[in-house]
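Notes follow once the structure below has been shown.
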Amino acid sequence: MRHHASTAPLASPDAADPTDSTGPRGPTAESITAGPRGSWPVIRKLLPYLLKYKLRMGLALAAMVSAKVANIGIPVLLKEIVDGLTPGSAVIGVSVGLIAGYGLIRLASTGLTELRELIFARVTQGAVRDISRQVFEHLHRLSLRFHLERQTGGLTRDIERGTRGVGTLVNFTLYSIVPTAVEVLLVAAWLGWFYPPAFALITLGALFAYVAFTFLVTEWRTHFRREMNELDSRANARAIDSLLNYETVKYFNNEAFEAQRYDRSLASWQEAAIKSQASLSVLNIGQACIIATAASLMLWQAVVGVEQGHMTIGDLVLVNAFLIQLYVPLNFLGVLYREIKQSVADMERLFGLMAQNQEVADPPGAPALVVTKGGIHFKKVGFAYDPRRPILKDLDLEIEPGQTVAVVGSSGAGKSTLARLLYRFYDTQSGRICIDDQDIRLVQQDSLRRVIGIVPQDTVLFNDSLAYNIRYGKPDASEEELWQAIAASRLESLVQRLPDGLNTMVGERGLKLSGGEKQRVAIARAMLKKPAILIFDEATSALDSESERAIQKEIEEVSKGRTSIIIAHRLSTIRHANTIMVLEDGRLVEKGSHDHLLGLKGRYFQLWELQAREANKAVQGTAAPGSGITAQPD
């Protein structure tokens with residue numbers, strides 16, 4: 001039984017380059033694989049998932065061992081049949097009984113093997129399911145930092161190979177190695193008891209030589225497999241990244257560049273695969289030599305025994321049958337070890353993902369957040385994605401319950417970071433954030449996120465129906481609630497225009513919808529949630545002026561009675577806010593109403609004047625000369 005190297009990756013290079021060179025350093029490929037290393041640590045991590053099925057495991061093991069015992073009986077009965085056919089024996093009576101027994105024991109061997117497969121199927125698939133679910137849940141618990149710095153293609157490849165490795169390891173290790181060892185020992189014991197010691201010595205010698213050779217060569221070639229995995233993940237990540245950014249590739253006419261970059265990754269993978277196949281050929285040839293030598297020696301001993309008269313033709317047949325039966329499990333033992341080592345290499349990254357520290361975690365026994373008013377207070381908050389580049393510096397700001405507060409400032413001032421911290425995508429490095437005097441780091445994240453609704457600047461939708469994406473804000477929402485959210489976000493006209501209405505598929509990441517349509521879906525989703533606190537992070541930035549004004553009214557309406565934070569660049573959209581807070585270089589520099597801030601002639605006034613000039617230029621560029629048209633900042 002030969003083992004073959006894996007085929008080329010569907011798509012394949014890189015695991016994890018940070019998306020922002022100025023951002024925090026995230027988990028590298030090395031840190032991801034820094035989970036359990038080696039066979040025994042991985043097996044120890046796997047055992048708890050198997051021990052849930054102790055009874056099934058015991059029954060399956062009993063069935064497999066019984067099948068191996070039945071296997072040993074087959075050559076013994078064959079010997080009796082052959083000896084019964086020699087001249088002078090009661091051929092008919094003996095042969096019929098032995099032949100019937102021979103057929104039954106073969107049937108028992110096959111039946112017990114299939115019974116083991118039937119019993120054990122639930123163990124294997126149950127373990128794969130449990131591990132896959134836990135990895136999936138753990139990945140969702142990891143911080144935004146982790147996901148920003150990992151490439152999705154490499155991550156999915158690691159999970160795919162790791163879960164496949166679980167099934168391989170469980171099937172091959174637990175219910176193949178032990179029965180195979182039992183079968184070899186039973187054969188050796190039988191030969192040692194009934195035949196000259198040379199037979200048992202040859203059997204055991206071949207076994208030890210085979211195991212030692214397989215162990216040494218497989219250990220030598222394991223790093224080739226690990227290298228293949230790394231390059232496979234890299235190539236897959238790079239290909240998926242390119243396909244996800246299909247439009248960008250087209251915009252810059254870089255199809256050939258992407259193909260060359262992918263091909264370079266495949267070339268590296270190809271070299272690693274060739275080395276792996278060459279080392280595998282060395283292993284296969286060496287194993288075949290050991291088996292062939294042992295088989296020849298045993299057959300020679302049997303022939304000599306028959307010639308000398310102390311062994312019968314039946315004994316010769318028995319030894320030959322044992323040889324055939326041992327050849328398969330011995331060779332399979334080599335395949336087992338190779339597959340186990342390869343599965344371990346595959347599973348190291350999977351368990352490495354599970355071992356990845358959860359950066360944002362609830363403290364033990366954390367209570368649920370209780371929102372009575374919805375007041376928010378940032379108290380001396382300091383935060384940096386990278387220690388070399390602080391974002392918020394000793395920030396102190398308070399948002400009164402039920403108030404609409406706008407946060408403005410130049411790019412990089414830390415506006416969107418406020419929303420990420422409030423949502424606990426990250427934790428502050430200094431200071432604290434409180435909602436109704438409750439430190440959000442000391443309450444359950446789930447309860448915190450239930451009371452906050454957010455419309456992000458960049459809306460990404462699921463590749464599902466329009467209704468599914470809107471209902472995502474509240475999966476159990478009624479039809480009436482759904483249509484209220486659609487009306488509030490001005491989506492009715494879009495739904496009416498679409499041939500399939502709410503059942504229209506929006507495409508991967510919502511690419512079938514325009515930017516404005518996606519933003520309105522995001523607003524509808526947030527409104528459906530009906531949270532106590534609302535965050536609008538550049539919520540109308542992708543809309544045209546008419547739609548923006550219409551949705552702005554709805555934002556004002558839905559914000560009534562709720563604490564609302566509007567993060568905005570266009571100042572014309574936040575004039576209605578109760579309070580406007582101006583951030584600059586991570587600090588609060590101004591605070592007040594629109595008119596009050598204009599009267600201060602400070603930073604807000606400068607931003608307003610700058611946007612007014614830009615708006616006037618845009619209008620005058622499209623108006624007739626001398627028309628005298630001017631514009632407010634928009």
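Give the residue that is modelled with the lowest pLDDT, with candidates limited to residues of segment 205-235 that are buried (at least 18 other Cβ atoms within 10 Å of the Cβ) and among the aliphatic types (A, V, I, L, M). So the residue we want is 207. Scanning segment 241-269 for residues that are open to solvent by less than 60 Å² (accessible area, probe 1.4 Å) and either aromatic (Phe, Trp, Tyr) or touching a Gly at 6+ places or on another chain (Cβ under 6 Å) (or both) gives 262, 269.
Residue 501 - would you say it is surrounded by fewer than 16 Cβ atoms within 10 Å (Cβ to Cβ) and within 26 Å of residue 245 (Cβ to Cβ)? Answer is no for this residue.
Please verify whether segment 327-339 includes one or more residues that are open to solvent by 10 Å² or more (accessible area, probe 1.4 Å), modelled with pLDDT of 75 or more and farther than 30 Å from residue 83 by Cβ. Looking for residues that are open to solvent by 10 Å² or more (accessible area, probe 1.4 Å), modelled with pLDDT of 75 or more and farther than 30 Å from residue 83 by Cβ, one finds at least one in segment 327-339, hence yes. Could you please find all residues in segment 532-579 being of a type outside the set (Gly, Ala, Ser), touching a strand residue (DSSP E or B) at 6+ places or on another chain (Cβ under 8 Å) and at pLDDT below 75? Answer for segment 532-579, where residues must be of a type outside the set (Gly, Ala, Ser), touching a strand residue (DSSP E or B) at 6+ places or on another chain (Cβ under 8 Å) and at pLDDT below 75: 555, 558.
Report whether or not residue 477 is hydrophobic (A, V, I, L, M, F, W, C), part of a loop (DSSP other than H, G, I, E, B) and out of contact with any strand residue (DSSP E or B) (no Cβ under 9 Å at 6 or more places or on another chain). Yes.
Checked across segment 254-275, the condition of being farther than 30 Å from residue 324 by Cα and outside any helix (DSSP H, G or I) holds for at least one residue.
Residue-wise test of (1) assigned to a strand (DSSP E or B); (2) of a type outside the set (S, T, N, Q); (3) surrounded by fewer than 16 Cβ atoms within 10 Å (Cβ to Cβ).
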position: 407; (1), (2), (3): yes, yes, no
position: 413; (1), (2), (3): no, yes, no
position: 416; (1), (2), (3): no, no, no
position: 419; (1), (2), (3): no, yes, no
position: 426; (1), (2), (3): no, yes, no
position: 441; (1), (2), (3): no, yes, no
position: 447; (1), (2), (3): no, no, no
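Candidates 180, 214, 203, 222: the one that is β-branched (Val, Ile, Thr) and under 29 Å from the mean Cα position of the chain (by Cα) is 222. The residues listed here are 224, 199; of these, the one that is closer than 22 Å to residue 284 by Cα and either assigned to a helix (DSSP H, G or I) or without any contact (Cβ under 8 Å) to a residue 24 or more places away in the chain (or both) is 224. For segment 172-204, the candidate set comprises residues that are among the polar types (S, T, N, Q) and open to solvent by less than 10 Å² (accessible area, probe 1.4 Å); within that set, the residue that is modelled with the lowest pLDDT is 180. Restricted to segment 276-285, and to residues there that are surrounded by fewer than 17 Cβ atoms within 10 Å (Cβ to Cβ) and in contact (Cβ under 8 Å) with a residue 24 or more places away in the chain, the residue that is nearest to residue 208 (Cα to Cα) is 282. Answer yes or no as to whether residue 324 is surrounded by fewer than 19 Cβ atoms within 10 Å (Cβ to Cβ) and without any contact (Cβ under 8 Å) to a residue 12 or more places away in the chain. Taking the combined requirement at face value, the residue satisfies it. Regarding residue 426, is this residue farther than 30 Å from residue 295 by Cβ and touching a helix residue (DSSP H, G or I) at 6+ places or on another chain (Cβ under 9 Å)? Criteria met by residue 426. Within segment 479-497, how many residues are open to solvent by 20 Å² or more (accessible area, probe 1.4 Å) and under 33 Å from the mean Cα position of the chain (by Cα)? Residues meeting the conditions: 0.
The values are calculated or read from the model by the stated rules, or taken from the named source; none is laboratory data. In this text the structure is predicted, and so the values were computed from the model without any measurement. In this analysis, Cβ positions are derived from the backbone assuming ideal geometry, glycine residues included, and neighbour counts consider all displayed protein chains. In case anyone asks, the SASA skips ligands and DNA or RNA and just uses the protein heavy atoms, side chains included. Shrake-Rupley method; radii C 1.70, N 1.55, O 1.52, S 1.80 Å.
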